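FYI, it's all coordinate maths here, none of it is from the lab. Computed from a predicted structure; not experimentally measured. Cβ sites come from the backbone with ideal geometry, for glycine too, and all protein chains shown count toward neighbours.
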Amino acid sequence: MASSTHIVWICNDCGNEADRWQEYCPSPWCRSQNTMQETKVSVPVAKTSIINAKNSELIDLSSVSESVGNRITLDNTEINRVLGGGITSDSVILITGEPGIGKSTMLLQIANDCSNYGPVLYLSGEESDRQIKSRATRLGISGDNLILSSNTYLEEFLKDIENYTPSLLVIDSIQTLESTSNNSPPGSVSQIRDCGLILMNWAKSANVPVIIAGHITKDGTVAGPRLLEHMVDVVLYLEGENLNDYRVLRSTKNRFGSTTEIGVLSMEISGLKPVEDPSKNLISNRLESTSGSCITPVIEGNRALMMEVQGLTSPTFSTSAPRRIASGIDFNRLLMLTTVLSKKTNISMLSQDVIVNVVGGFRINEPAVDCAILCALASSYRDVPLDPHLVVFGEIGLTGELRPVSNFARRIEEAKRLGFKKCIIPKSDQTVLDSDDEMDIIYAGDINEVLFNILG
């Protein structure tokens, strides 16, 4: 079909188009700076589509069913938890993460689970059939009812599968797809946008769930326009360290479940396995007689996880400023906490190199971990091990005060379940917390009271 080609500038955040470059996105709802990317697009003279859209009819809201449709229950309980109970029919799911984190492994495991409900179509533009077969053999997957394709021309692929009634469509990855109506190279902003729209329309019209794998940029966001995240129903991030066995599956958008749930997985030879008791696993290898270690309960989703925070201080040999290294926490948060520790206590970090690490490759974003970080650093500085039965939590303010955090009762219950006997919490929670015979609860108003209770 004849088409005309022209140059447009497309915003990487919202997908808005402009006929010239602008420093700020012209969309009044975006206004992102330096996100306009030059893109060559083609406009067909007569636009056609192989997607059979649903009949445009007016429906009374009272007659619409509240059911979210059928769900495909997966064997992996942690993935089910994050999805809200399984994969919903006609849903579009975006899974993203760093290269080598395990996205393709997860996709193949999900495809194998769904193959029990019907044929699964697996389109891979990054790996050959032999590579997928090799991974399937390693994972113990026979491949029955798994149909592979490497046709990255999306419209042609959808024509090829017209005679199939699949239970699931897997795309690995969307950056390899091409729409025949777009002359831009694969992975460009316009291609990702167009292919995303086509897949979304196909999923809704065919009533088949679609799982899309997507790459991320250097800053950890999905490559391509943010419009892709707005179009899909579910956005999942697979996080973790490549050299660490643990993986965290986090939901940032879910139209069929909670966005606060996370799944804890373990990367093994046979694939990603659910971690049934993450708290117990994360603290099982802790050295109780070593300084610089502190246990804190962290709220992830609807459950509390016990995590070990390690701190290390050492006299600096640098001729300039001492070093600060943060792994698993925000770097700026570490700078603030070391400044508070130096200003409000008799422990000075001004001539100390400081390293903080969250064991297991996890990342903690909530301020409730502040108190545990300072306790670990103080323990390392004085070289005094903390009580192995102690847990602490609370936010630290700039004046050194210990501020309350949410879900403190759930944190304490998780600590009791794992056998901890002592807990330091903010004094402001004293009036709303009942006495506990199983747990020695110590209330502290500021960081000095905390240090007095743990170090003397």
| Size of electric dipole in the chain: Cβ of Lys, Arg +1 and of Asp, Glu -1, about Cα centre, debye, nearest 20 | 580
| task | Pop a pseudo-label 7 angstrom from the Cα along the beta-carbon direction at both ILE147 and ARG417 and give the gap in nm to one decimal. | result | 4.3
| field | Among the listed pairs LYS343/LYS427; LYS253/LYS280; LYS344/LYS422; LYS103/LYS273, those beyond 18 Å (Cα-Cα) | value | LYS343/LYS427; LYS253/LYS280; LYS344/LYS422
| request: For LYS416, go through the aspartates and glutamates and keep the ones whose alpha-carbon is under 17 Å away, minus same-chain ones fewer than eight residues off. | output: ASP277, GLU308, ASP387, ASP434, ASP436, ASP437, GLU438, ASP440
| message | For the ranges 103-111, 250-258, what's the packing order if you count other beta-carbon atoms within 10 Å of each residue, average per peptide, and put the highest first? | response | 103-111, 250-258
| Given that just one value was derived from the coordinates, which of (1) 22.2, 76; (2) 25.9, 81; (3) 28.9, 95 is Rg and Dmax of the Cα atoms in Å? | (2)
| query | Counting only the backbone N, which residues of segment 404-421 are under 20 Å from the spot 7 Å out from the Cα of ASP277 toward its beta-carbon? | reply | 410-421
| query | What shape does segment 70-276 have by the C-alpha gyration tensor, where a ≥ b ≥ c are the square roots of the eigenvalues, rounded means a/c under 1.5, and otherwise prolate means a/b greater than b/c and oblate the rest? | reply | rounded
| Separation between the SER128 and ILE7 pseudo-spin-labels, each 7 Å from Cα along Cα→Cβ, expressed in nm? | 3.9
| query | How far is the Cα center of segment 90-138 from the Cα center of segment 290-344, in Å? | reply | 38
| Calculated from DSSP H runs of 4 or more alone, at -39500 (n - 2.57) each and per residue, what is the 222 nm mean residue ellipticity of the chain, nearest 500? | -7000 deg cm²/dmol
| query | Mind listing which GluC sites (Glu not before Pro) in segment 284-338 are in a DSSP loop and have 15 or fewer other Cβ atoms within 10 Å? | reply | GLU288
| said: Please report the antiparallel percentage of DSSP beta bridges with both residues in the chain, rounded to the nearest 5. | reply: 55
| remark: Rounded to the nearest 0.05, FRET efficiency between PHE452 and ASN70 (Cβ-Cβ, R0 56 Å) equals 0.45
| task | Report the charge-dipole magnitude of segment 281-455 in Debye, nearest 20, computed about the Cα centre from +1 at each Lys and Arg Cβ and -1 at each Asp and Glu Cβ. | result | 480
| note | Helix 331-344: inclination vs the chain longest Cα principal axis, degrees, rounded to 10, gives 20
| request: For ILE441 and LEU197, compute 0.36 nm times the residue count separating them, minus their Cα-Cα distance, and round to one decimal in nm. | output: 82.4 nm
| query | Roughly how many debye, to the nearest 20, is the charge dipole of segment 147-282 about its Cα centre, given +1 on each Lys and Arg Cβ, -1 on each Asp and Glu Cβ, and no other charges? | reply | 320
| query | Which of rounded, prolate, oblate describes segment 369-456, given a ≥ b ≥ c as roots of the alpha-carbon gyration tensor eigenvalues and a/c under 1.5 marking rounded, otherwise prolate only if a/b is larger than b/c? | reply | oblate
| query | If packing is taken as the mean number of other Cβ atoms within 10 Å per residue, what is the order of 84-93, 167-176, 24-33, highest first? | reply | 167-176, 84-93, 24-33
| request: Please label the shape of segment 281-455 as rounded, prolate or oblate, based on the square roots a ≥ b ≥ c of the eigenvalues of the alpha-carbon gyration tensor (a/c under 1.5 means rounded; beyond that, a/b larger than b/c means prolate, else oblate). | output: prolate
| note | Scoring segment 93-147 by relative contact order with C-alpha pairs under 8 Å, at least six apart, yields a percentage of 41
| query | Given labels modelled 7 Å from the Cα in the Cβ direction, how far is it in nm from GLN33 to SER351? | reply | 4.0
| When only Cα pairs under 8 Å and 6 or more residues apart are kept, what is the percent relative contact order across segment 281-455? | 25
| remark: Relative to the chain, whose Cα atoms define the longest principal axis, helix 370-382 and its Cα axis are tilted in degrees, nearest 10, by 50
| Taking 0.36 nm per intervening residue step and subtracting the Cα-Cα distance, what contour gain separates THR259 from THR77 on full extension? | 63.9 nm
| Over the chain, what is the mean sequence separation of C-alpha contacts under 8 Å (at least six apart), divided by residue count, expressed as relative contact order in percent? | 13
